[in-house]
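Undergrad: Below: one structure in structure tokens.
Readers should treat all values here as calculations from the given coordinates under stated rules, not as data from a laboratory. Keep in mind that what you see is a predicted model, and the values were worked out from it rather than measured. Cβ placement follows ideal geometry from the backbone for every residue including glycine, while neighbour counts extend to all protein chains displayed.
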């Protein structure tokens, strides 16, 4: 009798096996790329990432068609002894976003991270391609793992991929930024780990579904929740723990910046959503949700003001990330309203849509900024004049990404903010709406500051702008167009985000 | 009081001490050391949980014990990466100073 | 008060003293020495907590390899002013942090005192399913069967950390060997130790891996001892780290995780689930995975201590 056959009939579920594949494929790619090395790492990475893209589409399709969550018990061992993978609507949306952005980063990275000569291995290409595969493993694990300790390992995997990406160029200031990031991230992981120890001590399981049934408001749970929230907030760079983010995200190579800002910070944010809405639904969460949103509001305002004051383009985009992360946290008090109500459902969809919309828009903006910096030889905003004429495609990508951040229709940002605004008005919490509208004005300010400069006539004394390769520009533009069209998700017959959520009625969000 | 409770209290103090060192030390290497101390405190907490969960003829719950083994290896990897970053930063700074 | 409890009290006091010393020492070197002593004392605690598997890991990694890493860094940074995060924090800031940390300690202590009795545990369930895995050591069953995913990912974490460390090499040295670990003043006693200990340690490590299926021990414990022996011979100057671009180095590093992954995938067809073992073959497969992982983990640990490549490729 095999444990698989004996314990769990669903272990052989073909759709559940897709979740295993989403984690196994990039891991196998990582091992293969590292062992063949040489100049072949790039080809291995592209092949395995393409496979991963197909798997992500299949997962979304399976959840869309069936209308309920997927699960898979690894090795046939059911929780609490074993580990289960689970995919609800939230995870499917994030996995699809990951496949899309990682794929775009891979295509964009080809021009910067090619092997120096056929078959010759060099430091930067090998590191980039292996890390790109590993970051996919880590993120997919975060979206799908149903066990809090496996999620700890996933968080550490994510840190170990993100930190070396920051300092690929090996300069002292990026090394310093990477080291600072590392210290923050490690602290965050240990606090998270302490929380899991306390939860296990109280309930004897780390499985999210089992915990959600057993958790009661008691000292161990409150302490665990506080520790895990603090740790994840530090990793997500929510104000006031945001200081590590701007130098790290601005100092990394453009492809890496896109990955870090678009996806890596979303990993720990996603775990916060899981923690409060799936592990601890039994906790009266009004006060902590208000606190998180207040910090988010501060992040929106501080980040935007600081973005306006930056002299360098990449730093401006990085501070904009600090502000946009703030928006994500506004969903907590709105979505923790009366469970099952349409207000909460709308806020949750709005928050996740903001995460996806920011991921695509911000990746496009970092890529476009990278193209511009490469062509200009610098990224000073004051010296951008003439860029719009020389690099129209990149400038357009930057502008479209910016428009999605501002929330112009029909962008994903528009729909996200619309849903969050509606939820805040309907629940009588208009002050969060005021924060969103003020933040939107600031976003307009810094996006137009860049676009306006770039539209200006080039000074004859400035050096010539070098032509930039077309692939990278096209990839950035494609991502920007996607973020601009994400708002059309409102027309879909099914709200994918809400699939598999027991506490929320599956209702259309309009 | 049992030995497990005693070591649980010990772990609580170690966590506080480690966190303090990891925040206030201004030398990066000292922060890395403090981070390890903090991590050991967290592992010890798991160990106490394991010890309390005796049953089925075992001296403790094997699941948290296994988690600690995984955790120790992960913490070592983190330390190795952090130390390598620190040494590289130091070397690059020294080279820059020499150029000046 | 029983003798056992008195012993535990003494141990706890010693550990706290070492921890305070590690945090409060004025200079780095004594602090690191304090940390190594702290790790060794923790090994005793793990024995007292009836967790010999953890004690082995803590002794080899927590005290041993981490200590080598930190002591090496200390001696390399000693010549000049080591990198600092910022200015020394102000007294009010330190007081505020101290207050916060005290609060945290108090909260955890309160939770420890309020823990449910009887404690929730998975021990009975782990014991009940033990026969399905064929192994006698429940911790090994958790690591390689019930929670095999964690262990698979952990071997990937180690490799990933190594890629991260390598990525910090100067470009001109890529593919070359890491810096020699040999201590500058060739110490006769260390050289002797480097000749005498490794054969014993390797035999011990192999034994620990071998018995791990049924008694305390297992791949990480054995691998760390073997890895530590390798580091010792390198420190004694008897061996130098290999060039990282060599194919055999890469194969040894990746082999363990790759084999584990392959067995896991084969489980789809042979046992009905990813990471499941076919009936009757569970124990032999677990032991095979442990052997493959041991070699890879030992090599990875050794190279993590050795650091990024620091010498040009010999042509």
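Undergrad: Per residue of chain A, what 222 nm ellipticity follows from adding -39500 (n - 2.57) for every DSSP H run with n ≥ 4, rounded to the nearest 500?
TA: Rounded to the nearest 500, it is -23000 deg cm²/dmol.
Undergrad: At residue B:2 and residue C:266, where each label point lies 7 Å from the Cα along Cα→Cβ, what is the point-to-point distance in nanometres?
TA: Placing both labels 7 Å beyond Cα along the Cβ direction yields 4.2 nm.
Undergrad: Using a Förster distance of 41 Å, how high is the FRET efficiency between residue A:214 and residue C:71, based on the Cβ-Cβ distance and rounded to 0.05? List each step's numbers first, then the result.
TA: On the way: r = 45 Å, r/R0 = 1.09.
For residue A:214 and residue C:71, the calculated efficiency is 0.35.
Undergrad: Further question on the same structure: Rounded, prolate or oblate: pick one for chain B, where a ≥ b ≥ c are the square roots of the eigenvalues of its C-alpha gyration tensor, a/c under 1.5 means rounded, and failing that, prolate if a/b is larger than b/c, else oblate. Can you show the working numbers first?
TA: Working: a/c = 7.19, a/b = 2.40, b/c = 3.00.
Oblate is the answer for chain B, as a/c is 1.5 or above yet b/c matches or exceeds a/b.
Undergrad: Assuming R0 = 60 Å, can you tell me the calculated FRET efficiency for the pair residue C:128 and residue A:389, based on Cβ-Cβ distance, to the nearest 0.05?
TA: Using R0 = 60 Å, I get an efficiency of 0.25.
Undergrad: What number, rounded to the nearest 500 deg cm²/dmol, is the helix-based mean residue ellipticity at 222 nm of chain C, given -39500 (n - 2.57) per DSSP H run of at least four residues and division by all its residues?
TA: Counting only the DSSP helices, I get -22000 deg cm²/dmol.
Undergrad: Based on the mean of other Cβ atoms within 10 Å per residue, sort peptides C:274-287, C:155-168, C:96-109 so the most packed one is first.
TA: Values: C:274-287: 21.0, C:155-168: 26.6, C:96-109: 17.1.
With the highest mean Cβ count within 10 Å placed first, the list reads C:155-168, C:274-287, C:96-109.
Undergrad: Working from the alpha-carbon coordinates of chain C, get Rg over Rh, Rh being the Kirkwood radius.
TA: Dividing the radius of gyration by the Kirkwood radius yields 1.00.
Undergrad: Here's another thing I want to ask about it. Over all residues in A:152-165, what is the mean tally of Cβ atoms on other chains that come within 10 Å of each residue's Cβ?
TA: If you average over the peptide's residues, the count of other-chain Cβ atoms is 6.
Undergrad: Between segment A:329-388 and segment A:458-497, what is the C-alpha centre distance in whole Å?
TA: 12 Å
Undergrad: Averaged across the residues of A:177-187, what count of C-beta atoms belonging to other chains lies within 10 Å of each residue's C-beta?
TA: Taking all residues of A:177-187 together, the mean is 6.
Undergrad: How far apart, in nanometres, would the label points at residue A:286 and residue A:438 be if each is projected 7 angstrom from Cα along the Cα-to-Cβ direction?
TA: Placing both labels 7 Å along Cα→Cβ, they lie 2.4 nm apart.
Undergrad: Between residue C:180 and residue C:90, what is the spin-label point distance in nm, taking each point 7 Å from the Cα along the Cα→C-beta axis?
TA: In this crude label model, residue C:180 to residue C:90 measures out at 5.1 nm.
Undergrad: Between segment C:85-129 and segment C:246-315, what is the C-alpha centre distance in whole Å?
TA: Here the answer is 35 Å between Cα centres.
Undergrad: Per 0.36 nm of contour for each residue apart, how much would the distance between residue C:113 and residue C:206 grow if the chain were fully extended, relative to their Cα-Cα spacing?
TA: Using 0.36 nm per residue and subtracting the Cα-Cα distance, I get 29.4 nm.
Undergrad: I would also like to ask the following. Percent relative contact order of segment C:122-315, based on C-alpha pairs within less than 8 angstrom and at least six residues apart?
TA: 34 percent
Undergrad: Would you mind putting A:357-364, A:423-430, A:45-52 in packing order, based on average other-beta-carbon counts within 10 Å, highest first?
TA: Per-residue mean Cβ counts within 10 Å order the peptides as A:357-364, A:45-52, A:423-430.
Undergrad: Provide the FRET efficiency to the nearest 0.05 for the residue A:470-residue A:380 pair, computing r from the beta carbons and using R0 = 22 Å.
TA: According to the calculation, E is roughly 0.35.
Undergrad: Ranked highest first by the average count of other Cβ atoms within 10 Å around their residues, in what order do A:226-235, C:10-19 fall? Can you show the working numbers first?
TA: Working: A:226-235: 23.6, C:10-19: 17.9.
In descending order of packing, they fall as A:226-235, C:10-19.
Undergrad: How many Cβ atoms of partner chains, on average, are near each residue of C:2-10 if near means within 10 Å of its Cβ?
TA: On the way: counts 1, 0, 2, 4, 0, 1, 8, 4, 0.
Average neighbour count from other chains, rounded to a whole number: 2.
Undergrad: Also, quick follow-up: For the protein assembly as shown, list log₁₀ I(q)/I(0) at each q in 0.05, 0.09 Å⁻¹, using the Debye formula over Cα point scatterers of equal strength and ignoring solvent, two decimals each.
TA: Relative scattering, expressed as log10 I(q)/I(0), comes to -0.26, -0.90.
Undergrad: In nm², what is the average projected area of the convex hull enclosing the Cα atoms of chain A?
TA: Its Cα hull, projected and averaged over all orientations, spans 22.5 nm².
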